[in-house]
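Structure first, then comments.
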Amino acid sequence: MWRVWAIMVVASLGLVPCAAWSETWTVVCEDQYPPYNFIKDGVKTGLDTEVVHAVLAQIGAEEDLQVFPWSRALNMLENGAADMLYQIVATPERREKFILVGPLRSGRTVLVARADSTIAYQSLDDLKPYNIGMVRAFKYTAEFDDAPLSKVLSNDNPTLIRMLIAKRLDLVVGDYNTLSYVARAEGVYDQIKVLPQPLGEVPRYVAFPKDRRDKAERFQQGLDVLRANGTLDKILMRWE
């Protein structure tokens, strides 16, 4: 009753109460995962950032977007400090722990080497002699994640690319578009090559804590609307 009374008082004064009662979701993502979510000239941007913003606008929710290294963003979701996190690779453990919505899109997971490298592989067993860089707490493909390989952990992809060029790594695993973007930004794109055999095409999801099912269902509904009316395709095409 107090809320109804307050709205009536505000209306009688000729004020607009919408902003006062607007719903804000705490949204987290990795700070540097271009071209999907990253900071450029102080602005949070990227393909997935645009999609998430459009979906939240569609369902009438505002966002408090916070960016962190991946492991910290994931931890915020796990302890309930965030309403949602994007984007995430599905695993049985994550499906048990979170509500996964989507997918937003898919990404091609590849291995990147130095341009003069002679590394080739037919199976993951062929990669056992090599040090492979990966982002801490990332998941790639089920086969790669479970493979007993020499995996070197780092906080982000730019650091991994620098380590590759400095010959501290033999290979880096990651999303094709992300690693290509990072290599260009670092000015070393001509010094790397993508191995011809990808590890897989991997769907990317939005994750919600188990106790935010209502938000997860609303987000899925909004995503479905944008996919049906062509908005999602327009955003994807703009970032191709």
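The values are calculated or read from the model by the stated rules, or taken from the named source; none is laboratory data. Small disclaimer: the values here were computed from a predicted structure and weren't measured. Neighbour counts run over all protein chains shown; Cβ positions are idealised from the backbone, glycine included.
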Lone qualifier among GLY107, GLY60, GLY102 - being loosely packed, with under 15 Cβ neighbours inside 10 Å and either out of contact with any Ser or Thr (no Cβ under 7 Å at 6 or more places or on another chain) or closer than 17 Å to TYR36 by Cβ (or both): GLY60
Of all residues making up region 147-167, the number that are of a type outside the set (S, T, N, Q), over 15 Å from ALA183 (Cβ atoms) and under 17 Å from the mean Cα position of the chain (by Cα): 0
Residue, farthest from ASP156 (Cα to Cα), within region 22-42, restricted to residues that are among the β-branched types (Val, Ile, Thr) and surrounded by fewer than 17 Cβ atoms within 10 Å (Cβ to Cβ): THR24
Candidates ARG218, ARG213 - the one that is buried (at least 18 other Cβ atoms within 10 Å of the Cβ), of a type in the set (Lys, Arg) and within 19 Å of GLU63 (Cα to Cα): ARG218
Hey, THR45 surrounded by fewer than 22 Cβ atoms within 10 Å (Cβ to Cβ) and touching an Asp or Glu at 6+ places or on another chain (Cβ under 7 Å) or not: no
Any hit, region 126-135, residues being under 25 Å from ASP48 (Cβ atoms), out of contact with any strand residue (DSSP E or B) (no Cβ under 7 Å at 6 or more places or on another chain), charged (D, E, K, R) and not assigned by TED's automatic domain parsing to the domain that holds TRP70: no
Of all residues in region 118-160 being aromatic (Phe, Trp, Tyr) and within 28 Å of TYR36 (Cα to Cα), the one that is surrounded by the fewest Cβ atoms within 10 Å (Cβ to Cβ): PHE144
Any chance VAL188 is out of contact with any strand residue (DSSP E or B) (no Cβ under 7 Å at 6 or more places or on another chain), aliphatic (A, V, I, L, M) and assigned by TED's automatic domain parsing to the domain that holds ASP83: no
Some residue of region 94-101 being of a type in the set (Phe, Trp, Tyr), outside the structural domain of LEU223 (by TED's automatic domain parsing) and either more than 26 Å from ALA185 (Cα to Cα) or within 13 Å of the chain's Cα centre (by Cα) (or both): no
Residue within region 176-185 that is outside any helix (DSSP H, G or I) and not polar (S, T, N, Q) present: no
Any hit, region 102-123, residues being in contact with a helix residue (DSSP H, G or I) (Cβ under 9 Å, 6 or more places away or on another chain), among the acidic types (Asp, Glu) and not assigned by TED's automatic domain parsing to the domain that holds ILE192: no
Members of region 67-76 found to be touching a residue at least 40 places away in the same chain (Cβ under 8 Å) and under 13 Å from the mean Cα position of the chain (by Cα), listed by number: PHE68, PRO69, TRP70, SER71, ALA73, LEU74
